[in-house]
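For reference, the structure discussed in these notes is given below.
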Amino acid sequence: MRQVPTSPAVAIAASLRAVGHPRSATLRNGAPARIRPLRTEDAQRFGAFVGQLSEGSRGCRFHAGIGDCEPAALQQLVSVDGVRQVALVATLPLVDGEALIGEARYCVGEPPGSAELAIAVADAWQRQGVADHLIDCLLEAARDAGLRRLYGDVLASHTGLIGFLHRMGFQTCAQGPGGGLLRLERGVAPRPPQPERRPLGALRRWLAGQFVPRP
């Protein structure tokens, strides 16, 4: 049975492998975006991102909805350890930095090997492929971390988000833990085993044998 890595170094390396250096992504309207891990220094950007979400989009992300993030809550949201919680963001380049337009994360929970998904995209950038790129990268992170299942509890009234998750391979499996919530989940397929590489010494010997001078 695959286990979630218990070593922080191993788990962080697994989540970083899924994104590596910031990954370029061209959105449907042609805009250049980047997908990268959320960092603690993103606190101000993340606060602006949450503050600009519509009431409906905040409800999709936080269920009951929240107002502007208080400093303590904001710091908690951007302080992910890369082990129990992995968060990725989509950004757009600006002259003096970058703007955050989307966020997706998972939090490892119960049963073992499972993690809860959360995702939000700025209203002006919805239906441009931002969520698709975020989910694809988050699934890679979950796969490398040894997770077997991602799930999310979505308000039944948020039919747009439910339809998107269905398109991304999630299935409605049960009522969520609370009135009006649906639980959607999908399995995380293990990464196929990589073929073993021939040892370098054997390769050198093979190459040497190809160039034996003819008599």
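Modelled label-to-label distance, ASP132 and THR26, 7 Å Cα→beta-carbon offset: nm?
Calculated label separation equals 1.3 nm.
May I ask you to compute the full-extension gain from ALA73 to ALA124, defined as 0.36 nm times their residue separation minus their alpha-carbon distance, rounded to one decimal in nm? Walk me through the numbers on the way to the answer.
Working: separation 51, 0.36 × 51 = 18.36 nm, distance 2.44 nm.
Gain in length upon complete extension: 15.9 nm.
Using a cut-off of under 17 Å, list every residue of the stretch 88-117 whose amide N is near the label point 7 Å from the Cα of GLN44 along the Cα-to-beta-carbon line.
Under 17 Å, as judged by backbone N against the label point of GLN44, lie 92-101 of the stretch 88-117.
Read the figures in this text as sums done on the coordinates, not as results from a lab. Worth saying up front: this structure is predicted, and the values here are computed from it rather than measured. Here the Cβ is made from the backbone with ideal geometry for all residues, glycine too, and neighbour counts use every protein chain on show.
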